[in-house]
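The structure appears below as structure tokens.
The values are calculated or read from the model by the stated rules, or taken from the named source; none is laboratory data. These numbers were taken from a predicted model, which means no experiment stands behind them. Positions of Cβ are generated from backbone atoms using ideal geometry, with glycine treated the same way; all protein chains shown enter the neighbour counts. Note: accessible area is taken over every heavy atom of the protein model, side chains too, but ligands, DNA and RNA are not part of it. Shrake-Rupley method; radii C 1.70, N 1.55, O 1.52, S 1.80 Å.
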Amino acid sequence: MSDYVVIAGLSGAGRSQAANDFEDLGWFVIDNLPPTLMSKVSELADAPGSSIDRVALVAGTGYYDSDLLDAIGELRRSVPRVRILFLDCSTEELVRRYEQTRRRHPIEGDTIEDAIETERTLLQPVREGADVVIDTTQLNVHQLRDRVRATFAQPEADVGMQTSIRSFGFKHGLPIDSDLVFDVRFLPNPHWEDDLRPLTGLDDEVRDYVLSSEEAKSFVDQVTDLFELLLPAYRREGKAYLSIAVGCTGGRHRSVVIAEELRRRIDELGTDAAVTHRDVER
């Protein structure tokens with residue numbers, strides 16, 4: 001029986017790019033699929049003799065949006081494993097993308113903002129029911145690829161709860177698709193050290209500087225104790241994905257160091273965690 005992912009989200013938020021990423025991972029991908037045809041695809045993919053074991057269905061948007069939730073429900077009644085990936089994005093960024101490409105939005109509106117907000121309202125029930133939400137507002141195509149790869153590279157049956165840690169800079173925007181957010185702006189800032197400023201939290205000098213402070217040691221120890229409680233509890237409740245964000249001012253130094261250290265601590269607790277650094281190159 002095939003493993004299914006429905007890729008949904010706002011027009012312009014990156015569904016087609018995500019489809020390319022799934023295809024690179026070896027998934028059988030169907031793009032811009034009318035929701036009413038999803039269950040038909042499952043009949044073909046799971047027919048006797050079929051070799052398809054992972055299917056990504058990119059939901060068509062626009063006036064299909066109101067049919068999407070019912071179609072996903074019907075698909076879930078016919079196959080045991082269906083996950084929803086929802087791609088979100090800020091209205092301001094979507095307007096900028098449409099202005100750059102000069103494409104028409106699939107929903108009519110007096111302005112492009114009106115069309116985006118209409119679609120956002122139509123898709124809100126799908127977003128609320130999604131297994132994974134990725135906010136692409138601050139992501140380039142490479143960062144989106146990394147997020148997709150970290151979450152969907154392995155078949156669902158081969159992994160337990162998938163945990164990801166992301167560093168970010170508050171001045172570049174708070175990631176809205178995280179389950180837990182830790183603010184480490186209280187730690188000593190390497191930015192004010194002339195020899196450390198050009199480096200990042202991936203350099204040993206910055207790592208040693210940040211982790212040598214008593215505040216950092218205490219913070220990491222106490223968050224590790226918190227994870228020791230939370231991770232088994234989340235798994236018992238059937239949570240499939242846990243997204244953790246660690247933020248500092250610019251996302252280059254402190255948050256990068258702490259994200260890497262928390263990944264190491266989580267690994268020691270017996271949970272594999274993927275780590276990405278959203279703003280380290282800014």
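Structure above, values below:
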quantity	calculated
Accessible area (Å², per residue) of the range 11-102, counting only protein heavy atoms and a probe of 1.4 Å	49
Accessible area per residue, Å², the range 113-153 with all protein chains present, probe 1.4 Å	45
Angle between the chain longest axis and helix 112-128 axis [Cα atoms, degrees, rounded to 10]	90
Ordering of 241-251, 141-151 by packing [mean C-beta count within 10 Å, highest first]	241-251, 141-151
Mean shadow area of the range 57-151 over all directions, Cα convex hull, nm²	6.6
Cα extents of the range 181-270 along the three principal axes, largest first (Å)	47, 22, 20
Cα→Cβ-extended label distance, 7 Å offset, between R81 and L25, nm	1.2
11 Å beta-carbon shell around V6, net charge (K/R +1, D/E -1)	+2
Percent RCO, i.e. relative contact order, over the range 1-80, from Cα pairs under 8 Å lying at least 6 residues apart	43
Other-chain or far-sequence residues with amide H under 5 Å of D88's (modelled H)	I134, D135, T136
Computed helical MRE - 222 nm, the chain, DSSP H runs ≥ 4 contributing -39500 (n - 2.57), nearest 500	-13500 deg cm²/dmol
Degrees between helix 141-152 axis and first principal axis of the chain (Cα, 0 to 90, nearest 10)	80
Angle in degrees between helix 254-268 and the longest Cα principal axis of the chain, rounded to the nearest 10	80
Magnitude of the charge dipole, the chain, Cβ model with Lys/Arg +1 and Asp/Glu -1, debye to 20	340
Whole-number Å³ per residue for the convex hull built on Cα positions in the range 135-220	143
Percentage relative contact order, the chain, counting C-alpha pairs under 8 Å, at least six apart	20
Charge sum, other residues only, whose C-beta stays under 12 Å from S164's C-beta, Lys/Arg counted +1 and Asp/Glu -1	+1
Computed over the range 57-202: relative contact order in percent, which uses C-alpha pairs under 8 Å that are six or more apart	24
Carbon/sulfur fraction of accessible area - the chain, other protein chains in place, 1.4 Å, %	48
Spin-label pair L44/R104, simplified geometry with 7 Å Cα→Cβ offset, distance in nm	2.7
Hull volume in cubic angstrom per residue (convex hull over the Cα atoms of the chain)	136
Proximal charge balance of D21 [Cβ under 10 Å; K/R count +1, D/E count -1]	0
